[in-house]
Amino acid sequence: MKFEPVLLARVGRDRSQAIDTYVADGGYEALRKVLTGGWTPEAVTEEVKKSGLRGRGGAGFPTGVKWSFVPKDTKGKPVYLLCNADESEPGTFKDRLLMEDDPHQMIEGQIISAYAVKCRNSYVYIRGEFFHAARVIQRAIDEAYQEGFLGENILGSGFSHDITVHRGAGAYICGEETGLIESLEGKRGQPRIKPPFPAVVGVFGAPTIVNNVETLCCVTHVMKRGADWFAKIGRNEKNTGPKLYCLSGHVNRPGVYEAPMGLPMKDFLFGDDYGRGMKDGRKVKAVIPGGASAPMLTAEEIEDCPLDFDGLIAKKSMLGSAAIIVMNEDTCIVDAARNLAKFFSHESCGQCTPCREGTPWLHRVLDRIEEGEGRAEDIDLLEKISNQMANGMTICVFADAAIAPVLSSIGKFRDEYRHHVEHKQCLVGPRAVVETTA
Amino acid sequence: MTSLRYAVTSAGRRMEFPPEALERIEKILPRYPTKQAALLPVLWVAQETWGWISKEAAEEVARILELPPAHVTGVLTFYTMYNLEPVGRHLLQFCTSISCHLAGAGQLVDHCRKRLGIDLGGTTPDGKFTMVEVECIAGCDRAPSMMVNDGYHEPMDAAKLDALLKRLP
Ligand SMILES: Cc1cc2nc3c(=O)[nH]c(=O)nc-3n(C[C@H](O)[C@H](O)[C@H](O)COP(=O)(O)O)c2cc1C
Ligand code: SF4
Ligand code: FES
């Protein structure tokens with residue numbers, strides 16, 4: 001049986017952003033059911049737990065379980081729900097599509113989730129570059145107010161809720177949930193030391209739940225069609241539901257695709273419904289399966305790799321934001337690692353010395369290797385710097401993300417690094433050496 | 001982190017928001033439990049009003065939100081999208097992160113450099129174009145991706161860029 005898209009079902013349709021088409025397609029039925037059908041917040045949380053839904057923002061934490069961490073007694077403090085629409089992980093572009101093309105799907109999920117965690121005011125923290133998506137979301141929120149899905153006493157249920165769109169201003173680290181919280185408070189987006197976790201002490205000193213755009217969209221469907229239906233989609237009970245995958249790099253058909261959790265990577269890259277194989281018939285050299293922070297995989301490793309949380313953990317990588325970046329055989333792996341290192345060096349928030357000093361150092365060493373000025377000891381040096389940045393030396397896991405491309409590329413393509421150092425040029429040909437980005 | 005470039009204009013002169021901007025700020029404040037939380041949105045209003053955020057504009061924001069000016073400066077310089085000096089009419093933002101890099105973003109940037117005779121961070125003498133490099137802007141399937149002011153132009157290539165530069169007023 002062919003998989004029917006769930007999250008992308010309405011994407012690309014005429015006026016898919018408008019509330020009338022959304023309602024005509026069964027939109028806000030889930031909200032109505034929850035608010036007027038006798039569902040308690042606890043029952044909604046239980047249903048989401050039962051669905052097996054795991055967060056789509058990167059860490060894959062079970063959503064219902066996270067919600068249940070909000071203390072029963074909040075000591076008079078309000079609870080906040082923050083939609084993480086910061087989408088900045090290189091290779092990731094699914095949330096942009098969800099927001100630009102079907103904003104009500106997310107808003108409905110956000111209202112339901114807010115009800116489940118007893119939140120009166122929620123925010124959409126959207127990256128500053130998403131000017132268009134922010135306008136689409138704001139227009140959709142305005143419509144939802146007009147139709148009585150937001151505001152006071154929604155659908156006569158006694159539940160009231162307001163959503164505010166809050167625009168970021170260019171900083172990758174604000175995607176990290178405590179960086180996001182700091183940023184929303186009007187500060188530099190520098191992550192906090194945990195514990196306390198946001199569910200206990202988050203934004204404005206109050207219990208806070210942070211959920212990704214796609215996670216909230218999934219909540220809409222869990223409540224519309226039931227946890228059992230959701231849990232049946234996917235590879236096993238730990239990896240459930242429909243999933244969006246972002247495909248970019250040297251493939252014939254890059255784009256956002258929806259598939260059941262656990263689709264084999266091979267089918268994804270080569271299947272007719274997805275990537276349709278490598279551009280110009282080149283061979284795969286390496287695949288980054290979960291955005292810039294995920295360790296690279298070799299062509300061999302993708303042979304038998306399900307695209308889900310546990311499938312990628314088994315390969316010592318991660319699903320992350322499900323950004324699959326494909327590099328062909330002509331790609332210089334050192335050059336790719338240098339590009340990723342430049343990103344992390346630019347985006348470190350600067351709080352922790354190993355990260356602040358380590359990320360530009362990695363970039364400098366990779367740069368000189370790529371430019372043919374590498375020294376024999378540089379490969380060991382990269383590993384040494386990386387190891388000093390890893391494993392809890394820092395406030396957030398950004399530093400661990402920053403070393404992932406370096407260590408995985410050295411581990412899997414050491415010959416290419418050696419060739420660079422010994423011959424002062426690329427193994428894949430001198431062309432890539434001249435290719436520089438400032 | 002962004003660089004600490006911060007252009008100083010005529011010090012001491014107070015910048016006042018026009019009435020439309022003040023109205024927008026009035027609507028922003030009640031959405032947050034603290035005044036400080038309105039800082040990013042109010043800085044956006046400042047940038048949309050003046051095109052960039054001068055020291056005086058930042059001081060005015062600090063005054064309105066009852067924040068120490070140093071806090072506002074610290075926040076301003078942390079985020080890359082606030083312009084700390086005037087930029088050209090068209091801010092050309094080239095993504096050079098991994099997927100765009102694999103699709104030739106580097107060559108595209110070089111092409112633009114030559115075309116405009118400026119470097120990254122530079123502005124053409126007629127004040128028309130400013131050219132900057134940005135990290136992934138979530139257009140990786142249409143690489144290389146770029147933005148001009150608040151709109152996407154993707155996928156981009158040298159010929160399309162030439163046409164675009166010609167077309168922009
Ligand atoms: C450096 C860093 C960047 C992150 N960026 C994002 C992001 O852009 N969007 C997102 O949803 N989650 C991002 N996350 C994950 C968030 O911290 C958080 O786990 C997530 O928003 C929780 O939502 P979920 O449970 O629905 O996945 C990032 C994490 C780290 C460490
Ligand atoms: S690890 Fe890096 S990004 Fe994270 S808090 Fe420390 S310095 Fe900031
Ligand atoms: S890598 Fe350029 S838009 Fe994502």
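The numbered conditions (1) in contact (Cβ under 8 Å) with a residue 24 or more places away in the chain; (2) within 25 Å of A:S293 (Cα to Cα); (3) open to solvent by 10 Å² or more (accessible area, probe 1.4 Å); (4) out of contact with any helix residue (DSSP H, G or I) (no Cβ under 8 Å at 6 or more places or on another chain) are all true for B:T123 except (2). Can you name every residue in segment A:323-349 that is hydroxyl-bearing (S, T, Y), within 16 Å of ligand 2 (Cβ to nearest atom) and at the interface with chain B (Cβ under 9 Å from one of its Cβ atoms)? Across segment A:323-349, the qualifying residue is only A:S348.
Residue count for segment A:93-113 satisfying the condition of being away from chain B (no Cβ under 14 Å) and part of a loop (DSSP other than H, G, I, E, B): 1.
Of all residues in segment A:68-92, how many are open to solvent by 10 Å² or more (accessible area, probe 1.4 Å), assigned to a loop (DSSP other than H, G, I, E, B) and either more than 13 Å from every other protein chain (Cβ to nearest Cβ) or more than 16 Å from ligand 2 (Cβ to nearest atom) (or both)? Residues meeting the conditions: 12. Among the residues of segment B:126-138, the ones that are open to solvent by 10 Å² or more (accessible area, probe 1.4 Å) and part of a loop (DSSP other than H, G, I, E, B) come to 4 in all. Scanning segment A:55-67 for residues that are part of a loop (DSSP other than H, G, I, E, B), touching a residue at least 60 places away in the same chain (Cβ under 8 Å) and among the hydrophobic types (A, V, I, L, M, F, W, C) yields a count of 0. Residues in segment A:202-231 that are surrounded by fewer than 18 Cβ atoms within 10 Å (Cβ to Cβ) and either at pLDDT below 95 or outside any helix (DSSP H, G or I) (or both): 1 in all. Which one is surrounded by the most Cβ atoms within 10 Å (Cβ to Cβ) among residues in segment A:137-149 that are within 13 Å of chain B (Cβ to nearest Cβ) and touching a residue at least 12 places away in the same chain (Cβ under 8 Å)? Among residues in segment A:137-149 that are within 13 Å of chain B (Cβ to nearest Cβ) and touching a residue at least 12 places away in the same chain (Cβ under 8 Å), the one surrounded by the most Cβ atoms within 10 Å (Cβ to Cβ) is A:I141. Here A:R364, A:R356, A:R368, A:R375 are screened, and the one residue that is touching a residue at least 24 places away in the same chain (Cβ under 8 Å), of a type in the set (K, R) and on the phi < 0 side of the Ramachandran plot is A:R375. For A:T359, the stated conditions hold: it is within 11 Å of another protein chain (Cβ to nearest Cβ), of a type in the set (S, T, N, Q) and within 13 Å of ligand 1 (Cβ to nearest atom).
Going by the structure shown, is A:G311 within 16 Å of the chain's Cα centre (by Cα) and not hydroxyl-bearing (S, T, Y)? No, not satisfied.
Here A:R32 fulfils each of the conditions (1) under 26 Å from the mean Cα position of the chain (by Cα); (2) open to solvent by 10 Å² or more (accessible area, probe 1.4 Å) apart from (1). Would you confirm whether or not segment A:413-430 contains a residue that is in contact (Cβ under 8 Å) with a residue 60 or more places away in the chain, open to solvent by 70 Å² or more (accessible area, probe 1.4 Å) and not small (G, A, S)? For segment A:413-430, residues in contact (Cβ under 8 Å) with a residue 60 or more places away in the chain, open to solvent by 70 Å² or more (accessible area, probe 1.4 Å) and not small (G, A, S): present. Any residue that is surrounded by fewer than 19 Cβ atoms within 10 Å (Cβ to Cβ), part of a strand (DSSP E or B) and away from ligand 2 (no atom under 16 Å from the Cβ) - is there at least one of those in segment B:139-150? So far as segment B:139-150 goes, yes, one or more of its residues are surrounded by fewer than 19 Cβ atoms within 10 Å (Cβ to Cβ), part of a strand (DSSP E or B) and away from ligand 2 (no atom under 16 Å from the Cβ).
In segment A:329-357, the residue that is most open to solvent (accessible area, probe 1.4 Å) out of those that are under 24 Å from the mean Cα position of the chain (by Cα) and hydroxyl-bearing (S, T, Y) is A:S345. Among the residues making up segment B:110-119, a single one is outside any helix (DSSP H, G or I), touching a helix residue (DSSP H, G or I) at 6+ places or on another chain (Cβ under 9 Å) and open to solvent by 50 Å² or more (accessible area, probe 1.4 Å): B:D119.
I'd like the residue in segment A:35-54 that is open to solvent by 60 Å² or more (accessible area, probe 1.4 Å) and part of a helix (DSSP H, G or I) and, out of all such residues, is nearest to A:I233 (Cα to Cα). Within segment A:35-54, the match that is nearest to A:I233 (Cα to Cα) is A:K50.
Taking the criterion of being out of contact with any Ser or Thr (no Cβ under 9 Å at 6 or more places or on another chain) and surrounded by fewer than 17 Cβ atoms within 10 Å (Cβ to Cβ), the residues of segment A:358-377 that qualify are A:R368, A:G372, A:E373, A:R375, A:A376, A:E377. There is at least one residue in segment A:389-400 that is touching a Gly at 6+ places or on another chain (Cβ under 8 Å), within 16 Å of ligand 1 (Cβ to nearest atom) and in a helix (DSSP H, G or I).
Take A:Y125 and decide whether it is among the aromatic types (F, W, Y), open to solvent by 10 Å² or more (accessible area, probe 1.4 Å) and not in a loop (DSSP other than H, G, I, E, B). Criteria not met by A:Y125. Against the test of being touching a residue at least 40 places away in the same chain (Cβ under 8 Å) and more than 9 Å from every other protein chain (Cβ to nearest Cβ), the options A:E152, A:E176 yield a single qualifying residue, A:E176. Being open to solvent by less than 40 Å² (accessible area, probe 1.4 Å), within 16 Å of ligand 2 (Cβ to nearest atom), within 14 Å of chain B (Cβ to nearest Cβ) and at pLDDT 95 or above is a condition met by at least one residue of segment A:158-168.
For segment A:244-358, the strands (runs of 3 or more DSSP E) that sit wholly inside it and include 2 or more residues that are in contact with a Cys (Cβ under 7 Å, 6 or more places away or on another chain) and under 30 Å from A:C174 (Cα atoms) are A:323-328. Taken across segment A:385-408, residues that are within 16 Å of ligand 2 (Cβ to nearest atom), within 14 Å of chain B (Cβ to nearest Cβ) and surrounded by fewer than 21 Cβ atoms within 10 Å (Cβ to Cβ) do not occur at all. Restrict the check to segment A:214-226 and report whether at least one residue is away from chain B (no Cβ under 14 Å), touching a His at 6+ places or on another chain (Cβ under 9 Å) and without any contact (Cβ under 8 Å) to a residue 24 or more places away in the chain. The answer is no; no qualifying residue exists. Restricting the first member to segment A:115-128 and to residues that are polar (S, T, N, Q), and the second to residues that are assigned to a strand (DSSP E or B), the beta-carbon pairs closer than 6 Å and six or more apart or on different chains are A:N121/A:D162; A:S122/A:L81; A:S122/A:I163.
The values are calculated or read from the model by the stated rules, or taken from the named source; none is laboratory data. Because the structure is a prediction, the values reported are computed rather than measured. Here Cβ is always computed from backbone atoms with ideal geometry, including for glycine, and neighbour counts include all displayed protein chains. Ligands, DNA and RNA are stripped out before the accessible areas are found, and what is left, the full protein with its side chains, is counted by its heavy atoms. Shrake-Rupley method; radii C 1.70, N 1.55, O 1.52, S 1.80 Å.
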